[in-house]
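> Starting off with a structure, shown below.
The values are calculated or read from the model by the stated rules, or taken from the named source; none is laboratory data. Being a predicted model, the structure only gives us computed values, none of them experimental. Backbone-built Cβ (ideal geometry, glycine too); neighbour counts: all protein chains shown.
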Amino acid sequence: MKSIEKTKSVSIWIFIVPFVAVNTCLILVTQFHSLFPNQEDIIHNTIPYFDGGASISRTARPYPSWLVFKPAMFLTSFLLIKYWLFNRDIIKYFGGDHKNLSKLVFFGIASAVALTIHAIFLGIKFDNDLYKLFRRVIMLSFIVFEIIAQAYLVATFWSIKDKLKDFINLNILNLKIILVSLLIIVAVISIPIISLPGDDFFGIQLKFLKHALEWDYFIGVITFYLLTFFMWRKSS
């Protein structure tokens, strides 16, 4: 089935493009300081996956980092839309008009749209509380929509797994279910932490914790697509 091969091809790029883009921005801002006209934008000695020394937006926002980040996010958004439409075709083929079909397509495409909006407004500075709230809502919307779409997708595939058994690796599907479950649990636990005011809570540096959580959660979200690539078997 062509949609399966297309899904495999798209999914690996949904992992590669944002992973390379985000880490390229990190390397630029921490190692190539001479490229940045505003020296206040540079960052020293951090591995944010562990120490939370900077947020993703902090590394991607300044020039020239955004020249890498924005096009990569636009491409990722396009690939995400293709991914969810290809999955729609697969589910229709094997499961007909499944009850989750419209929901997973809606939330999947909505997440791609939110990512595009986030990329457009990244780096645009307005000293306005409403604008700052708007950016936070857009970023939160992307995460929520993405996780909901992923949850609906794995639940749908699990419900028709008997029809898919010759086409997918069920062990990888189980890994995807575990991954999405962990992402949901971490999101629920993290909401109170993220919403806490200030950067210190009983001696815990919340800013660094939030940043590390952001980087690691980003890896978790895109790993879903890497697992998609390995889940589908090659067509005979």
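> Of (1) surrounded by 14 or more Cβ atoms within 10 Å (Cβ to Cβ); (2) in contact (Cβ under 8 Å) with a residue 60 or more places away in the chain; (3) assigned to a helix (DSSP H, G or I), PRO62 satisfies all except one. Which?
Among (1) surrounded by 14 or more Cβ atoms within 10 Å (Cβ to Cβ); (2) in contact (Cβ under 8 Å) with a residue 60 or more places away in the chain; (3) assigned to a helix (DSSP H, G or I), the lone unmet condition for PRO62 is (3).
Let's see how each residue does on (1) under 17 Å from the mean Cα position of the chain (by Cα); (2) hydroxyl-bearing (Ser, Thr, Tyr):
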site: LYS8; (1), (2): no, no
site: SER11; (1), (2): yes, yes
site: PHE19; (1), (2): yes, no
site: ASP41; (1), (2): no, no
site: HIS44; (1), (2): no, no
site: ASP51; (1), (2): no, no
site: SER57; (1), (2): yes, yes
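> Among ALA54, ALA112, which is touching a Leu at 6+ places or on another chain (Cβ under 6 Å) and under 21 Å from VAL221 (Cβ atoms)?
Criteria check complete, one pass: ALA112.
> Based on this model, can you work out whether ILE47 counts as closer than 17 Å to TRP215 by Cβ and surrounded by fewer than 18 Cβ atoms within 10 Å (Cβ to Cβ)?
yes
> Sticking with this structure for a sec: Please pick out the residue among ILE4, ILE16, ILE81 that is out of contact with any Leu (no Cβ under 6 Å at 6 or more places or on another chain), at pLDDT below 95 and within 24 Å of PHE107 (Cβ to Cβ).
Checking each option against the conditions leaves just ILE4.
> Tell me whether the stretch 6-22 contains one or more residues that are closer than 21 Å to VAL221 by Cα, in contact with a helix residue (DSSP H, G or I) (Cβ under 6 Å, 6 or more places away or on another chain) and not in a helix (DSSP H, G or I).
No - not one qualifying residue is present in the stretch 6-22.
Yes/no matrix, rows are residues, columns are (1) within 14 Å of PRO62 (Cα to Cα); (2) surrounded by 14 or more Cβ atoms within 10 Å (Cβ to Cβ); (3) small (Gly, Ala, Ser):
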{"residue": "LYS2", "(1), (2), (3)": "no, no, no"}
{"residue": "GLU5", "(1), (2), (3)": "no, no, no"}
{"residue": "SER11", "(1), (2), (3)": "no, yes, yes"}
{"residue": "PHE15", "(1), (2), (3)": "no, yes, no"}
{"residue": "PRO18", "(1), (2), (3)": "no, yes, no"}
{"residue": "ILE27", "(1), (2), (3)": "yes, no, no"}
{"residue": "THR30", "(1), (2), (3)": "yes, yes, no"}
{"residue": "SER34", "(1), (2), (3)": "yes, no, yes"}
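> Ok, one more. Given the residues GLY95, GLY52, which is the only one that is at pLDDT below 95 and on the phi > 0 side of the Ramachandran plot?
From the options GLY95, GLY52, the qualifying one is GLY52.
> List pairs: first in the stretch 161-188 and without any contact (Cβ under 8 Å) to a residue 60 or more places away in the chain, second charged (D, E, K, R), Cβ under 8 Å, 6+ apart or cross-chain?
Within 8 Å, the pairs are LEU170/LYS161; LEU173/LYS161.
> Right, another one. Looking at the stretch 59-102, which of its residues are within 15 Å of the chain's Cα centre (by Cα) and polar (S, T, N, Q)?
Across the stretch 59-102, the qualifying residues are THR76, SER77.
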